[in-house]
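Enquirer: Got a structure for you, written out below as structure tokens; questions coming shortly.
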Amino acid sequence: MLVVKGVDIYYGKLQVLWDLSLQVGKESVGLFGPNGAGKTTLVNAIVGLVKPANGEITFGGRSLLPLETHRIIREGVAVVPQERELFPFMSVLGNLKSGAAYIPGARDKIDERMRFIFDIFPVLKERLGQLAVTLSGGEQRMLAIARSLMAGPKLLILDEPSSGLQPSLVSDLFQRMREIREKEGVSILIAEQNVRQCLRAIDRGYVIENGRVVIEDSAEGLAHSDHVRRSYLGL
């Protein structure tokens with residue numbers, strides 16, 4: 001579905017991604033690495049906010065490189081940024097509806113999408129009239145994910161979804177990711193530093209360091225990798 005091949009990205013004269021390649025099919029894939037490794041840069045490149053100097057990015061066999069961000073979203077790619085970027089003084093219901101407002105076909109399925117959202121995140125049904133700014137950090141993260149799902153995406157990308165959440169909420173969040181994959185059939189790419197929890201929600205993953213892929217393996221293989229255990233799991 002998503003194919004990134006041989007991508008080089010520069011910020012000015014500084015190269016931040018080096019010949020980077022990965023694929024996401026009908027599965028959940030993790031993208032791991034420390035701060036500054038290039039995870040967010042890659043996410044931004046996929047959605048057209050950054051243009052590679054070399055390489056190719058395709059989705060469903062179509063190149064994304066000539067497309068503007070809004071066109072990429074309409075192709076079926078949804079992103080949940082690290083900062084959440086909700087409409088803080090809009091209600092939960094308003095935020096959810098905004099996720100489908102500009103996507104062809106999604107506007108006609110708002111009620112259907114809502115039922116799916118409430119099945120995954122029942123607390124949002126209890127908060128429909130509340131302003132987004134009044135929600136807890138965990139509830140805001142759920143709302144950001146739910147708003148993206150309102151568009152009925154084929155690929156859901158999450159950038160550091162556990163950032164700022166207390167540990168007790170992180171485990172629940174990744175369990176929800178697995179439920180979304182199983183119930184919705186949407187492909188998922190998770191860029192994350194919390195390797196321990198994320199491994200429970202993915203099928204396979206990549207480790208990138210200094211802008212390069214250094215490991216590609218199944219979730220089980222990553223969990224038993226000496227490098228991953230030493231550098232990311234503290235074992």
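Enquirer: At 1.4 Å probe size, with every protein chain present, just tell me what the per residue accessible area of segment 90-170 comes to in Å².
Expert: Working: 3480 Å² over 81 residues.
Each residue of segment 90-170 exposes 43 Å² on average to a 1.4 Å probe.
Enquirer: Excluding ligands and nucleic acids, what accessible area in Å² is computed for Glu182 using a 1.4 Å probe, to the nearest 10?
Expert: Its accessible surface works out to 130 Å², give or take rounding.
Enquirer: Non-local amide H neighbours of Val16 (under 5 Å, H modeled in plane, Pro and chain starts lacking H): which ones?
Expert: Residues meeting the criterion, in which the H sits 1.01 Å from N, are Ile9, Tyr10, Tyr11.
Enquirer: Residue by residue, what Karplus-based ³J(HN,Hα) values in Hz, rounded to whole numbers, does segment 26-40 have, using 6.51, -1.76 and 1.60 with θ = phi - 60° and x for Gly and Pro?
Expert: 7, 6, 10, 10, x, 10, 10, x, x, 4, x, 6, x, 4, 5
Enquirer: Something else about it: Taking 7 Å along the Cα-to-C-beta vector as the label spot, tell me the His227-Phe87 distance in nanometres, rounded to one decimal.
Expert: The answer from the label model is 4.5 nm.
Enquirer: Further question: For the full complex of protein chains and a 1.4 angstrom probe, list Tyr206, Tyr10 by accessible area with the highest value first. Display every interim value, and only then the final one.
Expert: Numbers: Tyr206 5, Tyr10 95 Å².
Listed by decreasing accessible area, they come as Tyr10, Tyr206.
Enquirer: Given contacts defined as C-alpha pairs under 8 Å and at least six residues apart, what's the relative contact order of segment 171-235, whole-number percent? Write down the numbers at each step before the final one.
Expert: Details: 52 pairs, mean separation 16.5, N = 65.
Rounded, it is 25 percent for segment 171-235.
Enquirer: A further question follows. Could you give me the ³J(HN,Hα) list for segment 106-113, computed from phi with Karplus coefficients 6.51, -1.76, 1.60 and θ = phi - 60°, whole Hz, x at Gly and Pro?
Expert: Whole-Hz 3J(HN,Hα) from phi for segment 106-113: 6, 4, 7, 10, 4, 4, 5, 5.
Enquirer: Going by accessible area, probe 1.4 Å, with all protein chains left in place, what is the ranking of Met177, Met90, largest first? Mind showing how you got there, number by number?
Expert: Working: Met177 5, Met90 70 Å².
Sorted descending by solvent-accessible area, the residues read Met90, Met177.
Enquirer: Same structure, new question: At 7 Å along the Cα-to-beta-carbon direction for both Glu216 and Arg196, put a label point, then send me their distance in nm to one decimal.
Expert: That separation, rounded to one decimal, is 2.9 nm.
Enquirer: OK, next. Return the inverse of the average 1/r over all pairs of distinct C-alpha atoms in segment 162-235, which is the Kirkwood hydrodynamic radius, in Å to one decimal.
Expert: Working: mean 1/r = 0.0766 Å⁻¹.
Computed over segment 162-235, the radius equals 13.1 Å.
Enquirer: With runs of 4+ DSSP H residues as the only contributors, calculate the mean residue ellipticity of the chain at 222 nm using -39,500 (n - 2.57) per run, divided by the residue total and rounded to the nearest 500.
Expert: Details: 10 runs with 83 residues, N = 235.
About -9500 deg cm²/dmol.
Enquirer: Accessible area, 1.4 Å probe, largest first: how do Lys154, Lys13 sort? Don't jump to the answer; show the numbers that get you there.
Expert: Values: Lys154 115, Lys13 200 Å².
Listed by decreasing accessible area, they come as Lys13, Lys154.
Enquirer: Kirkwood Rh, the chain, all Cα pairs: how many Å?
Expert: Numbers: mean 1/r = 0.0553 Å⁻¹.
Result for the chain, one decimal place: 18.1 Å.
Enquirer: I need the phi-derived Karplus couplings for segment 58-72: 6.51 cos²θ - 1.76 cosθ + 1.60, θ = phi - 60°, integer Hz, Gly and Pro marked x.
Expert: 10, 9, x, x, 10, 5, 8, 4, x, 8, 6, 4, 5, 6, 5
Enquirer: Right, another one. Starting from the Kirkwood radius over alpha-carbon pairs of segment 97-151, derive D by Stokes-Einstein at 10 °C in a medium of 1.306 mPa s and give it in µm² s⁻¹. All intermediate terms of the calculation are to be shown ahead of the outcome.
Expert: Working: Rh = 11.3 Å.
My calculation gives 140 µm²/s for D.
Enquirer: Roughly speaking, to the nearest percent, how much of segment 42-140's 1.4 Å accessible area is carbon and sulfur? Don't jump to the answer; show the numbers that get you there.
Expert: Details: 2650 of 5100 Å².
Summing carbon and sulfur atoms, their accessible area is 52 percent of the total for segment 42-140.
Enquirer: Assuming 0.36 nm per residue, please report the length gained on full extension of the stretch Thr69 to Arg115 beyond their Cα-Cα distance. Intermediate results must be reported in sequence, preceding the final value.
Expert: Values: separation 46, 0.36 × 46 = 16.56 nm, distance 2.79 nm.
Result: 13.8 nm gained on full extension.
Enquirer: Related question: Specify the inter-centroid distance of segment 180-235 and segment 123-169, based on alpha-carbon positions, in whole Å.
Expert: 21
Enquirer: A follow-up question, please. Taking the full set of protein chains and a 1.4 angstrom probe, give the accessible area of Asp19 in square angstrom, rounded to the nearest 10.
Expert: Approximately 110 Å² of Asp19 is accessible to the 1.4 Å probe.
Enquirer: List the residues whose amide H sits under 5 Å from the amide H of Asp217, counting only those 5 or more places along or on another chain, with H placed 1.01 Å from N in the peptide plane.
Expert: Amide H neighbours of Asp217, under 5 Å, 5+ apart: Gly205.
Enquirer: For the chain, what number of Lys pairs, 8 or more residues apart or on separate chains, have alpha-carbon atoms under 17 Å from each other?
Expert: Pairs that pass both the separation and distance tests number 11.
The values are calculated or read from the model by the stated rules, or taken from the named source; none is laboratory data. Remember, it's a predicted structure, so these values are computed and weren't measured experimentally. FYI the Cβ positions are ideal-geometry reconstructions off the backbone, even for glycines, and counts take in every protein chain you see. Note: accessible area is taken over every heavy atom of the protein model, side chains too, but ligands, DNA and RNA are not part of it. Shrake-Rupley method; radii C 1.70, N 1.55, O 1.52, S 1.80 Å.
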